[in-house]
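Read the structure below first, then the notes.
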Amino acid sequence: MPTGIVLLDKPAGLSSNAALQRVRRLFGAGKAGHAGSLDPLATGMLPICLDEATKIAGEILSSRKRYRFTLALGARTASGDAEGPILERAAVPELPRASIEAALGRFLGPGRQIPPMFSALKRGGRPLYELARAGVSVEREARPIELYELTLLAQQDGRLELATVCSKGTYVRVLAEDIARALGTCGHVAALRREWVAPFEHDPMHTLEALEQRCGQGDACSLELPADRPLGHLPAVHLDGGRAERIRHGQAAPWDGTAAGKARLYDERGAFMGIGELAAGTVQPRRLLAQSTQKP
């Protein structure tokens with residue numbers, strides 16, 4: 001099985017699920033999952049986990065992300081981006097750069113954000129965007145987020161080019177609307193690109209066209225990252241044959257370390273086994289791959 005991670009540079013106009021299915025077919029994977037959905041309007045990094053690597057997708061979902069986006073001032077849309085109909089127009093005041101940067105500074109740090117109706121969150125088993133398209137709006141609870149960076153890159157003709165590094169669960173469309181409101185007007189996202197998802201800040205992305213070309217040459221699998229690549233923040237535990245076998249059978253194994261919490265597990269060959277839990281001199285299996293994969 002092609003167990004591993006592909007960093008797709010998702011094109012505009014394609015849903016995350018449609019992009020995922022195309023990559024899955026290209027690699028001949030039995031299953032696939034993406035770590036963090038992108039709107040059809042958005043482009044950029046979409047980590048796609050293939051086969052057994054889907055078991056560690058949750059570790060990527062919790063990572064920081066960097067976005068670059070264009071905020072068009074003076075018009076608010078139903079979807080918060082350029083794809084929705086305009087609901088409101090407002091005059092755009094004079095905005096000196098210092099005033100904009102002062103307003104942006106107020107968004108930094110921990111905060112709370114109400115998810116938009118046009119999102120993949122579910123209510124009663126239905127995605128909120130389905131309800132929104134039917135003209136239905138429901139109450140949504142504010143969720144904790146954090147902005148680590150929020151920078152003004154350029155300003156021209158009522159548009160702001162911005163970049164942010166943010167926590168999981170942050171909706172840039174909502175952030176853009178809030179920024180516009182703080183500047184005394186309304187606005188929406190006119191363009192959005194996810195530049196990276198931690199820990200892949202310096203790893204290259206691959207377009208669908210490049211993947212299709214590589215697949216045609218029979219070597220597309222060389223583009224995969226190993227399943228343990230996003231887990232460098234976890235301690236590595238190497239198990240000898242007997243302890244590795246106990247883990248494979250779902251049993252706890254003795255461990256002589258003092259750390260506690262989640263860990264990366266490797267067998268006697270150095271092959272990645274999955275995620276375990278360290279506590280009180282033992283290691284417990286938590287999320288194991290069906291087969292040990294490539295060496296770290």
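Among beta bridges identified by DSSP and lying wholly in segment 65-197, the antiparallel ones come to about 95 percent. With a ≥ b ≥ c the root eigenvalues of the C-alpha gyration tensor of segment 65-197, is it rounded (a/c under 1.5), prolate (a/b larger than b/c) or oblate? Taking the square roots of the gyration eigenvalues as a ≥ b ≥ c, segment 65-197 is oblate. Plainly put, the chain has a radius of gyration that is 1.04 times its Kirkwood radius, both from alpha-carbon atoms, as the Rg/Rh ratio.
The longest part of the chain holding none of the exposed loop GluC sites (Glu not before Pro), meaning those outside H, G, I, E and B in DSSP with at most 10 other Cβ atoms within 10 Å, is 142-296. For segment 152-219, compute Rh as the Kirkwood radius over C-alpha pairs and then the Stokes-Einstein diffusion coefficient at 20 °C and 1.002 mPa s; write the answer in µm²/s, rounded to an integer. Taking Rh from Cα pairs, D becomes 143 µm²/s.
Distance between the 7 Å Cα→Cβ label points at Arg25 and Leu87: 3.6 nm. Loop-resident trypsin sites (Lys or Arg not before Pro) (DSSP state other than H, G, I, E or B) in segment 228-296 with no more than 14 further Cβ atoms inside 10 Å of their Cβ: Arg269.
Taken along its three principal axes, the alpha carbon spread of segment 234-288 comes to 23, 19, 18 Å, from the longest extent down to the shortest.
Of the trypsin sites (Lys or Arg not before Pro) found in segment 60-136, those in coil by DSSP whose Cβ has at most 13 other Cβ atoms within 10 Å are Arg106.
A straight Cα-to-Cα reach below 25 Å connects Lys122 with the lysines Lys10, Lys31, Lys55, Lys65, Lys168, residues fewer than 8 places away in its own chain not being considered. Among Ile48, Ala32, Val197, whose Cα projects farthest towards the positive end of the dipole of the chain, with charges put on the beta-carbon of Lys, Arg (+1) and Asp, Glu (-1)? Highest projection toward the positive end goes to Ala32. With R₀ set to 22 Å, the beta-carbon distance separating His249 from Arg269 gives a calculated FRET efficiency near 0.80. Taking the DSSP bridge list for the chain and keeping only pairs wholly inside it, about 90 percent are antiparallel.
Only the coordinates and a few stated rules stand behind these numbers; no lab work does. Please read all numbers here as calculations on a predicted model, not as lab measurements. When we count neighbours, we look across all protein chains shown, and the Cβ atoms used for this are built from the backbone with ideal geometry, even at glycine.
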